[in-house]
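Below: one structure, written as structure tokens.
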Amino acid sequence: MTVADSAPFVTMPGHVRGVDFGHAVVLVNYRDGHVSTLPASAGAALRQAARFGSARHLPEKLLASLLGGGLLVESDRPRPWRAVREAQAPKASWGGDEFRAGLTPLPPVPRVQTLAAAAALAVVHAVKAAGPEHEAMGRVLKLVHSAGTTRRRTPATAGEAELAVHAARSAGWYSPGRTNCLEESAAAMLLLQLAGRAAVWRHGVAPDPIRLHAWIETVDGTPVAESTSVGLFTAILSIPGAHHVR
């Protein structure tokens, strides 16, 4: 008996999102942080499976791998899904794209803001450490969800949002734990929540080479304190949800 015989119907769980660049499909499990990249042939099979909610469109090894990694789950009936966004991949640069190298000096940040950001980062790190390592991503996202609630909050101006991001980055220099875009953006969202301001947290994928990035935007969709290269990323998860997605 094949895997498809025992699990004829499959669907993509809500904590899995992805982007289809045509030449590759990137899937992110936002519960455990696991990232999978599928080649074009596997991506084509996944598109068919998504259209019909059927496991029979997937090769045996691919199906077993996706089920084993929690990227697909069995279903009692066909449940087509749209969790994978299609995106136009830019023309291959063959490594010729130019990016700014080196450290970019941060603008001055008031000490009180840096101290508040240090406290916010400490909360983020405490949440990451407060349970099994493979569930850390999910715990951070729950924290961002709580900070992303827009009820009775005023949309942050570009200046207010930039100050929160710069403060988080300044505090990150002194943080004893890993402090990259995920931790910085989560801390910035917490700072804005404390100030009664609303923003949008995004996580996306870019091709050539495939890479992931987390950042925040103003409610009107303007990236905050990011280089122009952020435009290469396709957002696959936004907090608050879809009504803020451009």
* Of the DSSP H helices in the chain, those whose Cα atoms cover at least 15 Å axially and whose Kyte score averages 1.0 or more -> 111-129, 181-194
* Please turn the phi angles of the range 224-235 into ³J(HN,Hα) values with the Karplus equation 6.51 cos²θ - 1.76 cosθ + 1.60 (θ = phi - 60°), one per residue in order, whole Hz, x for glycine and proline. => 9, 6, 10, 6, 5, 5, 5, x, 7, 8, 9, 6
* Structure fact -> Taking the dipole of the chain about the Cα centre (Lys, Arg +1; Asp, Glu -1; charges at Cβ), the one of 192, 222, 57 that reaches farthest to the positive side is 192
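Please list, by residue number, every one of the trypsin sites (Lys or Arg not before Pro) in the range 21-86 that is coil in DSSP and has at most 16 other beta-carbon atoms within 10 Å.
Working: sites: 31, 47, 51, 56, 61, 82, 85; in loops: 31, 82.
Those satisfying the criteria are 82.
Quick check: residue separation of residue 135 and residue 151 times 0.36 nm, minus the Cα distance between them. What number comes out in nm?
Values: separation 16, 0.36 × 16 = 5.76 nm, distance 2.76 nm.
In short, 3.0 nm is gained.
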* Cα centroid separation, the range 25-70 to the range 105-147 (Å) -> 31 Å
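Please report, in debye to the nearest 20, how large the charge dipole of the chain is about its Cα centre when each Lys and Arg carries +1 at its beta carbon and each Asp and Glu carries -1 there. Intermediate results must be reported in sequence, preceding the final value.
Values: 25 positive and 19 negative charges, 104 e Å.
Here the chain has a charge dipole of around 500 debye.
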* Residue with peak Gaussian network fluctuation, the chain [Cα springs, cutoff 10 Å], from 185, 75, 227 -> 227
* Hey, rough spin-label estimate for residue 82 and residue 44, points 7 angstrom out along Cα→Cβ, what's it come to in nanometres? -> 2.5 nm
* Asked: When the chain is modelled as a GNM with alpha-carbon springs shorter than 10 Å, which of 209, 13, 80 fluctuates the most?
  -> 209
* To do: Compute the longest continuous run of the chain that contains no exposed chymotrypsin sites (Phe, Trp or Tyr not before Pro); treat a site as exposed when its DSSP state is not H, G, I, E or B and it has at most 11 other Cβ atoms within 10 Å.
  => 1-93
* Structure fact -> Checking 20, 76, 32 against a Gaussian network model of the chain (alpha-carbon springs below 10 Å), the top fluctuating residue turns out to be 76
* Structure fact -> The answer for trypsin sites (Lys or Arg not before Pro) in the range 102-206 that fall in a DSSP coil and have at most 12 neighbouring Cβ atoms within 10 Å is 151, 152, 178
* Asked: Hey, if you put +1 on the Cβ of every Lys and Arg and -1 on every Asp and Glu Cβ in the chain, which of 120, 146, 130 ends up farthest toward the positive end of that dipole?
  -> 146
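Bear in mind these aren't lab numbers, they're just calculated from the coordinates by the rules spelled out. Everything numeric in this text was worked out from a predicted model, so none of it was measured. Reconstructed Cβ throughout: ideal geometry from the backbone, glycine too, with neighbour counts over all protein chains shown.
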